[in-house]
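Below is one structure, written out as structure tokens; comments come after it.
The values are calculated or read from the model by the stated rules, or taken from the named source; none is laboratory data. Values in this document were obtained by computation on a predicted structure and should not be read as measured data. So basically every Cβ, Gly included, is an ideal-geometry build from the backbone, and we count neighbours across all protein chains shown. Calculation scope for accessible area: heavy atoms of the full protein, side chains included, ligands and nucleic acids excluded. Shrake-Rupley method; radii C 1.70, N 1.55, O 1.52, S 1.80 Å.
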Amino acid sequence: MRLRHKPWAKDKLDQHPQFVVANPEMHKGNWHNVFEKNQPLHIEVGTGKGQFITGMAKANPDINYIGIELHVSVIVAALDRLIEADLPNLKLLNVNAADLGKYFTKNDVDRVYLNFSDPWPKSRHEKRRLTYKDFLKLYEDILVDGGEIHFKTDNQGLFEYSLTSFSAYGLLLKYVSLDFHNSGYEGNIMTEYEQKFSEMGQRIYRSEVKYQNEK
Ligand code: SAM
């Protein structure tokens, strides 16, 4: 993603503490206090401009959502959407997913969404892929037992890598689609990248995987 420098973006996030959580480490183990209702929490890692997470929060008022995005110049667009939609069940976090363990603990999260994650195609960058084993461990450490990762991408190489990584980690492959938009799945909410790539005729891949640590 091409990043445009927006020097005002950080101030804008700071001006909306009702939507952008300012001190996420304070809520570790108690995220339900941040929301109006105590209900399951789903997070999207690498939420971009927030089209997916805002659509999900509108469609599912009985679930709380957090969109996590590293770049302030990108998440500010998600904030604009959230200001407009004014949803009580969606918050944003401007942090690096590599630090998830600072902000969340076991059982805080019920599901992780990964959408169109950066592919990092060079093998020397494997550790940066959000489906690398170290990230799978980070997600495991904050999810409930039997928690799930739902993953969409247009990138065949990243999808194949991720299925192998999930499987090697011991995750159960619950659902795999190699042509998701022609799969008959109903109720899909598109991300910005999904919309852009599918309009260009790109095939979309999707999987749902589950941690097998239920007692
Ligand atoms: N999910 C959106 C979509 O499908 O339209 C955005 C996809 S974009 C290719 C990937 C996003 O993930 C970027 O906005 C990037 O800044 C974010 N990202 C990448 N690595 C991250 C990390 N370690 N922590 C948080 N966000 C990250």
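Would you mind stating whether residue 196 is of a type outside the set (A, V, I, L, M, F, W, C), surrounded by fewer than 18 Cβ atoms within 10 Å (Cβ to Cβ) and at pLDDT below 95?
Values: of a type outside the set (A, V, I, L, M, F, W, C): yes; surrounded by fewer than 18 Cβ atoms within 10 Å (Cβ to Cβ): yes; at pLDDT below 95: no.
The answer is no for residue 196.
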remark   = Note on residue 89: of the conditions (1) within 15 Å of the ligand (Cβ to nearest atom); (2) open to solvent by less than 10 Å² (accessible area, probe 1.4 Å); (3) farther than 27 Å from residue 158 by Cα; (4) not small (Gly, Ala, Ser), unmet is (1)
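May I ask you to verify whether residue 54 is within 16 Å of the ligand (Cβ to nearest atom), touching a Phe, Trp or Tyr at 6+ places or on another chain (Cβ under 9 Å) and over 22 Å from residue 101 (Cα atoms)? Step through it out loud before you land on a result.
Working: within 16 Å of the ligand (Cβ to nearest atom): yes; touching a Phe, Trp or Tyr at 6+ places or on another chain (Cβ under 9 Å): yes; over 22 Å from residue 101 (Cα atoms): yes.
When the stated conditions are applied, residue 54 passes them.
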Residue check for residue 152: within 16 Å of the ligand (Cβ to nearest atom), in contact with a Lys or Arg (Cβ under 9 Å, 6 or more places away or on another chain), at negative phi and open to solvent by 60 Å² or more (accessible area, probe 1.4 Å) = no
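Just to be sure I understand, how many residues within the range 129-148 are in a strand (DSSP E or B), crowded, with 18+ Cβ neighbours inside 10 Å and among the aliphatic types (A, V, I, L, M)?
To start, the set of residues in the range 129-148 that are in a strand (DSSP E or B) comprises 143-148.
From what is left, the residues that are crowded, with 18+ Cβ neighbours inside 10 Å are 143, 147-148.
Narrowing further to those that are among the aliphatic types (A, V, I, L, M): 143.
Counting residues in the range 129-148 that are in a strand (DSSP E or B), crowded, with 18+ Cβ neighbours inside 10 Å and among the aliphatic types (A, V, I, L, M) gives 1.
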task = Go through 213, 182 for me and flag whichever is polar (S, T, N, Q) and open to solvent by 40 Å² or more (accessible area, probe 1.4 Å).
result = 182
query = Applying the selection to the range 13-30, what residues are open to solvent by 50 Å² or more (accessible area, probe 1.4 Å) and either touching a residue at least 24 places away in the same chain (Cβ under 8 Å) or within 14 Å of the ligand (Cβ to nearest atom) (or both)?
reply = 25, 28
